[in-house]
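Just so it is clear, none of the values below were taken in a lab; they were calculated from the coordinates. Bear in mind the structure is a predicted one, so any value in this text is a computation, not a measurement. When we count neighbours, we look across all protein chains shown, and the Cβ atoms used for this are built from the backbone with ideal geometry, even at glycine.
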Amino acid sequence: MKTRKLGTSELQVTELILGTWAIGGSMWSDYDEAGAKEAIKTAIDCGINCIDTAPAYGAGHAEELIGEIVKGVREQLIIATKCGLNIEGRYEKILTPEFIMHDLEMSLKRLKMDYVDLYQIHWPVNDVPIEVSMEALMKAKQQGKVRYIGVCNFSGKELEAAIKCGEVVSLQPNYSLLERDIEKDSMPVCKTYGVSIISYGSIAAGMLTGKYKEHPTFKKGDARNFFYRYFKKEYWPAVKRVVDEVEAIAKKYSARPHHVALAWILSHDVVAGAIFGARNGEQVKDNLAGAEIKLSKDDIEKLNHISENIYS
Ligand SMILES: NC(=O)c1ccc[n+]([C@@H]2O[C@H](COP(=O)([O-])OP(=O)(O)OC[C@H]3O[C@@H](n4cnc5c(N)ncnc54)[C@H](OP(=O)(O)O)[C@@H]3O)[C@@H](O)[C@H]2O)c1
């Protein structure tokens, strides 16, 4: 699989990155641990070199699974994890230097590693100045426990403030054909400063696979009930219309809508990789075609047009 440079770093990430939220085993119903392990193994076997995780995914379980499975091949991989959500509490956002250092030590222990390649702030906070949090991250970098720093879910303004404190190589935002708000906010900031985007929710948590023929509902506690707005019932007709149109375009490429959705994300130069979550090896293999399609200029324009202003 082709790789792209991650911002100003020396890291070359594959265009597709494995995400491990659902693999953690909580907040996504119908967890299958064997499938989760197989997803990680399959991704590595298929040449994906970057795995995104976080303490918050299954309260440390996703990191533990990764630690167990990547033994022996760790050096070939780019491991990205996050800090700032307190899994020993109520998942409150904390970015004090003490908490960042503690969070990092716990992640390294679960991952059974002595460094992570990309350490990302999971969510911005208001009560700790970004320069204070960035100083802690840079200290972790000097200590060799972190190779590069990234942020997730930062607005353009928040990203710019972080960049002023030290090297930020990536932004991980919610970005897909069903969620394009960053194009007018943080994406231009990324372009200005050479920060790469690694998108999450890239296939709209399964919505862009076209597998839902009616408005889907999920069990109590499932994150899809509240995290991604395209699952809200009021948006279903508009969302379904977009998915159907993506499906029609996908047919021209003998592909499925999620392949086109991934290819569309990768058509943006500022994107280094599209993160996708997968429950098992089969889903991993199925998603690989997303990195093989080269969309025509015409189709990119069509996709831009059909996915514009869905929620207004
Ligand atoms: N930084 C952050 O705040 C943040 C937030 C969210 C996510 N993330 C990261 O980004 C990753 C990706 O986001 P995401 O997992 O929320 O959403 P996603 O990648 O858009 O969707 C993943 C889900 O879609 C379904 N799916 C995947 N491949 C499929 C296929 N080939 N056919 C049918 N269904 C398929 C699976 O769920 P079902 O089988 O249940 O349908 C899977 O769990 C996460 O795992 C995590 O690493 C980061």
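Search segment 165-192 for residues that are more than 16 Å from the ligand (Cβ to nearest atom) and pair each with any residue that is acidic (Asp, Glu) when their beta-carbon atoms are under 6 Å apart and the residues are at least 6 apart or on different chains.
Cβ pairs passing all conditions: 165/131; 189/160.
From the list 89, 144, which residue is outside any strand (DSSP E or B), more than 16 Å from the ligand (Cβ to nearest atom), surrounded by fewer than 20 Cβ atoms within 10 Å (Cβ to Cβ) and on the phi > 0 side of the Ramachandran plot?
Result: 144 is the single residue among 89, 144 that is outside any strand (DSSP E or B), more than 16 Å from the ligand (Cβ to nearest atom), surrounded by fewer than 20 Cβ atoms within 10 Å (Cβ to Cβ) and on the phi > 0 side of the Ramachandran plot.
So which residues in segment 13-34 are near the ligand (Cβ under 9 Å from one of its atoms) and surrounded by 18 or more Cβ atoms within 10 Å (Cβ to Cβ)?
17, 18, 19, 20, 21, 22, 23, 24, 28
Quick test for you: out of 44, 66, pick the one residue that is within 12 Å of the ligand (Cβ to nearest atom) and outside any loop (DSSP other than H, G, I, E, B).
The match here is 66.
Which of the residues that make up segment 167-217 are touching a Ser or Thr at 6+ places or on another chain (Cβ under 7 Å), of a type in the set (S, T, N, Q) and farther than 19 Å from residue 278 by Cβ?
Of everything in segment 167-217, those that are touching a Ser or Thr at 6+ places or on another chain (Cβ under 7 Å), of a type in the set (S, T, N, Q) and farther than 19 Å from residue 278 by Cβ turn out to be 170, 186, 196.
Matching residues to (1) within 16 Å of the chain's Cα centre (by Cα); (2) assigned to a loop (DSSP other than H, G, I, E, B); (3) within 23 Å of residue 51 (Cβ to Cβ):
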{"position": "244", "(1), (2), (3)": "no, no, no"}
{"position": "248", "(1), (2), (3)": "no, no, no"}
{"position": "262", "(1), (2), (3)": "yes, no, yes"}
{"position": "265", "(1), (2), (3)": "yes, no, yes"}
{"position": "269", "(1), (2), (3)": "no, yes, no"}
{"position": "287", "(1), (2), (3)": "yes, no, yes"}
{"position": "295", "(1), (2), (3)": "no, yes, no"}
{"position": "300", "(1), (2), (3)": "no, no, no"}
{"position": "311", "(1), (2), (3)": "no, yes, no"}
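Yes or no, residue by residue, for (1) over 30 Å from residue 45 (Cα atoms); (2) within 15 Å of the ligand (Cβ to nearest atom):
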{"residue": "108", "(1), (2)": "no, no"}
{"residue": "118", "(1), (2)": "no, yes"}
{"residue": "133", "(1), (2)": "yes, no"}
{"residue": "139", "(1), (2)": "yes, no"}
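Among the residues of segment 113-130, which ones are of a type in the set (Val, Ile, Thr) and under 16 Å from residue 157 (Cα atoms)?
Answer for segment 113-130, where residues must be of a type in the set (Val, Ile, Thr) and under 16 Å from residue 157 (Cα atoms): 121, 125, 128, 130.
So the check is Cβ under 6 Å with 6+ separation or different chains; which pairs have a first residue in segment 23-46 that's over 20 Å from residue 78 (Cβ atoms) and a second one that's within 12 Å of the ligand (Cβ to nearest atom) and charged (D, E, K, R)?
Note: pairs meeting the criteria are 29/219; 29/222; 35/279.
Please state which one of 274, 278, 261, 289 is within 11 Å of the ligand (Cβ to nearest atom) and surrounded by fewer than 20 Cβ atoms within 10 Å (Cβ to Cβ).
Within the list 274, 278, 261, 289, the selection yields 289.
Could you list, in sequence order, the residues of segment 196-226 that are part of a loop (DSSP other than H, G, I, E, B), within 7 Å of the ligand (Cβ to nearest atom) and surrounded by 16 or more Cβ atoms within 10 Å (Cβ to Cβ)?
201, 202, 203
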